[in-house]
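Step one of this worksheet: look at the structure below.
None of the figures in this text is laboratory data; all of them are computed from the coordinates on show. Quick caveat: nothing in here was measured; it's all calculated off a predicted structure. With ideal geometry, Cβ positions are generated from the backbone for all residues, glycine too; neighbour counts draw on all protein chains shown.
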2 protein chains.
Amino acid sequence: MTLTLDYTCFLSGGPQGDVGVDPSQLELAASQHAGHLASLVAKRESGQLGFFDLPEQRAPLDAIRNYAAQVEGRFENVVVLGIGGSALGTQALHAALSPVLHDNRSQRQRPRLFVVDNVDPVLVGGVLRVANPGTTLFNVISKSGSTAETMSQFLLFLEALKAALGDAWREHVVVTTDAEQGFLRPFADAHGLQSFVVPANVGGRFSVLSPVGLLPGALLGWDLDALLEGAARGRDRCLAADFSANPAALWASCHHLLDTQAGVHNQVLFPYSHRLRLLVDWNVQLVAESLGKLTPSGERVGPLPHGAVGATDQHSQVQLFAEGPRDKAFTFLRVMNHLDDMVIPEPPEGLGELGYLAGKTFGQLLDAECQATRLALTDAGCPSALITLPHVDASTVGEFLMWSMVATAFGGELYGINAFDQPGVEAGKIATYGLMGRAGFEAERARVEGSRISDDRYRVV
Amino acid sequence: MTLTLDYTCFLSGGPQGDVGVDPSQLELAASQHAGHLASLVAKRESGQLGFFDLPEQRAPLDAIRNYAAQVEGRFENVVVLGIGGSALGTQALHAALSPVLHDNRSQRQRPRLFVVDNVDPVLVGGVLRVANPGTTLFNVISKSGSTAETMSQFLLFLEALKAALGDAWREHVVVTTDAEQGFLRPFADAHGLQSFVVPANVGGRFSVLSPVGLLPGALLGWDLDALLEGAARGRDRCLAADFSANPAALWASCHHLLDTQAGVHNQVLFPYSHRLRLLVDWNVQLVAESLGKLTPSGERVGPLPHGAVGATDQHSQVQLFAEGPRDKAFTFLRVMNHLDDMVIPEPPEGLGELGYLAGKTFGQLLDAECQATRLALTDAGCPSALITLPHVDASTVGEFLMWSMVATAFGGELYGINAFDQPGVEAGKIATYGLMGRAGFEAERARVEGSRISDDRYRVV
């Protein structure tokens, strides 16, 4: 059971006023496919693109499973300390693969997951209050081993663990970080902490299938074999030399042509599924950090990845999508079969006009809304693609993750940029260090504010 | 304690390459302010813009409080059945004003809130499983009284209530809907259900301060007096005749000029606060449905409202913001004082390089990141505004809600469109009715799919 991509509605050629890809441009893209594929394969073979080969990583998977089996039943809570690529994949997979609202029985079987992906004291303090140290496992995740947000949280929870448990704190911390760089690796080694490795050639936003996502998954009971099998299948399809059979190349090429040729600068991922809603946030980081770049010639490129969730956002964003500027490319995620689908009951007396709903299932209503909204946007001349999942499970979600990651890698080739670095975040980090640094917080704040922020040509109201 | 708006970094005139509002254009906007204000005031006085006067609604507020007092301590769960404007305001205020993660004591004091804002069977079925009918209150919210998603949920939960409680189901349903239109009002009257009114002149996306948001708020214990007092203060400031002292007019005018004169088509609301993160989604609906419109001359207008949350999205979107196209206007929400702030502890041996964090609070780190990111984006030539909240409470959040709503109303004047209708969602609704309608689901689906969606000039991969 695999995914399908229908990109026909990305193409122009419909009623007057349609925005879309000119089929002749897509023919040109097809002729360039071999070169882009060869470039990615060469990077993979030279060891740069580790995410391609994560589905076959047996040794770390075995170690993760051994560890998960060893601690099974011991922890009520798993707290992930991580941000960005150390958080978004786990959050997306948790929404997709863990029961969304546990009944009492499954709550006892599996730990609760908290992902502390911000430094707001309300969030950090809230987790500190509800996660009893004695029954909580902390998974500290930082590829660099020095992420300010994650390390500040770790200092707090470490203090709480030591206060509550003494030397036994070591059994409540598991570290996922680079094999060598950063402060976490030597700290883990010095204290004999359980630890796992983020491969050096796997960037944070491409790391969901590494121990970053697999360890929480093992603790929470996801089907990791199916996840990796689906990812491998998706990768192999996305390496197809036949452009017309390569979903990642087609999806990326259409997006690139829409952005650069048709003024369609925004990409909206639009899953019709509550379980797939957080894939949107994962995809936002993947696309934004990978493709939002200065080109070697100094041009600013990169689409704005945006999200909507069906049917919810029909009541929020579809007005804009249908009548506003045609600068958005939509990718609908349609699910054919929903888990535990339920029939909408017959209406009681007085609500007879709702009879059209009765006898259908909630899944059918959701699917009808997906088709209807796509049809309405198509008729409004807006470009859209459709990815169909036979159902939501570890295998189909694994395949989608790989489609997105490989499509993003193709995007780097198409835009002529490095999709695997993130130089644009350095200025903010340096300014933060300045504000937090040794010279004193208030003095630094005054200095930095004095540069441009407080240039009050107009007064503050 | 009120909010401030600093919009200086929305203006151009900095280093070469900056994108921003030309101050002379803002002078022109200032000269048009009196006309736009008079138009809004006339609409308000003719009774069209009910949201302006929600802060003074004493009778419904008293009725809500009486009802909340009457049922206090009786329900463990409050389940809101609602979507779009019937859900987003309550979700945003719940995140901002209810304790984020309850300790055991407050969990007993206040009911849990579930907002069923989708028809995915995983969500609907999950709430059905965990919300015991005997201890659950269902608040069915639909301004039109006929929303397909909400009514299908209601049919399901109504059946479950009747099966569990017999005639006593009536004490577990409270209805919030129009005074006259739709199916819900006569049904509530026929069964003597507790009910509240969404005023006819208050659109869903402007209804958070009506019983739509106030009833859940009363049940959950928000400070409604402060919320409405803050909203009234915000409204009055946003009706100022002095353009330079009117935050809504300034914010809206800068956004409009950036969109129409400087190619800045995307608006990013960027709160540095975990508690304010869902204001983003509320604001997305408000802006998208209000301003995403066809003008009378057939032009497609409207910015794309987008969100980011600090510090989290520094590790997701800031790369794109800093180096990608300068087509985004940022509004940072900065919080000066955080509730229950905590000091970051001294690092243990081996983590000494984290000493720069120790002794500062998490709130200070968050604030430093807010300032640093804004500085970095300013230095990258990207336009931004800064709204500062002294702290997050009902009063400041109420003021922000009103700033956004009045700014959106000004936006309607600036774009020359009706900010209060949503004609663009009808096509999708009609197609859904077709797919769900009497002629048979499968037959209709085949018919609708046959129109354009299945036009497979390129095959599906």
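Structure notes:
- Computed magnitude of the charge dipole of chain B (debye, nearest 20; Cβ of K, R +1, Cβ of D, E -1): 980 debye
- Identity and axial distance of the chain A residue whose Cβ lies nearest the axis relating A to B, Å: A:306, 3
- For residues of B:186-196, the mean tally of beta carbons on other chains within 10 Å: 1
- Put simply, the amide H of residue B:339, placed in the peptide plane, has neighbours under 5 Å in B:392, leaving out anything fewer than 5 places away on its chain.
- Partner lysines for residue A:328 [C-alpha distance under 28 Å; skip if fewer than 8 residues away on the same chain]: A:293, B:293, B:328, B:429
- Summary for residue B:164: label point 7 Å along Cα→Cβ; distances to the equivalent points in the other copies, ascending, 3.2 nm.
- Shape category assigned to segment A:256-361 from the gyration tensor of Cα positions, a/c cut at 1.5: prolate
- Relative to the longest principal axis of the Cα atoms of chain A, the long axis of helix A:362-379 lies at roughly 60 degrees.
- Each copy carries a label point for residue A:339 at 7 Å from Cα along the beta-carbon vector; from one copy to the others these points are 3.2 nm apart, nearest first.
- All Cα pairs of the protein assembly as shown, percent lying beyond 42 Å: 32 percent
- What you get for the protein assembly as shown, charging only the Cβ of Lys and Arg (+1) and of Asp and Glu (-1), is a dipole of about 600 debye around the Cα centre.
- Once C-alpha pairs closer than 8 Å and six or more residues apart are averaged by separation and normalised to the residue number of chain B, the relative contact order reads 22 percent.
- Antiparallel %, DSSP beta bridges [both residues in the protein assembly as shown], to 5: 15 percent
- Within a straight-line Cα-Cα reach of under 12 Å, residue A:162 can be paired with the following aspartates and glutamates, leaving aside sequence neighbours fewer than 8 residues apart in one chain: A:171.
- Projecting the Cα atoms of A:318, A:294, A:366 onto the charge dipole of segment A:292-412, computed from C-beta unit charges around the Cα centre, puts A:294 farthest toward the positive end.
- Remark: the residue B:336-residue B:129 segment gains 70.4 nm on full extension, using 0.36 nm per residue and subtracting the alpha carbon distance.
- Shape category assigned to segment B:87-214 from the gyration tensor of Cα positions, a/c cut at 1.5: oblate
- For the protein assembly as shown, the residue among B:262, B:88, A:174 whose Cα projects farthest onto the positive side of the dipole built from Cβ charges is A:174.
- Using all pairs of distinct alpha-carbon atoms, the Kirkwood hydrodynamic radius of chain A works out to 24.1 angstrom.
- For segment B:26-154, the square roots a ≥ b ≥ c of the C-alpha gyration tensor eigenvalues yield an a/c of 1.5 or more together with a/b exceeding b/c, which makes the shape prolate.
- For segment A:14-79 versus segment B:333-408, the spacing of their alpha-carbon centroids is 34 Å.
- Proximity of backbone amide H atoms, modeled 1.01 Å from N, is registered between residue B:331 and B:268, B:269, B:270, B:385 at under 5 Å, excluding neighbours fewer than 5 places apart on the same chain.
- Placing +1 on the Cβ of every Lys and Arg and -1 on the Cβ of every Asp and Glu, with no other charges, gives segment A:226-360 a dipole of roughly 460 debye about its Cα centre.
- Signed unit charges on C-beta, dipole axis of chain B, positive-most listed residue B:331, B:10, B:54: B:54
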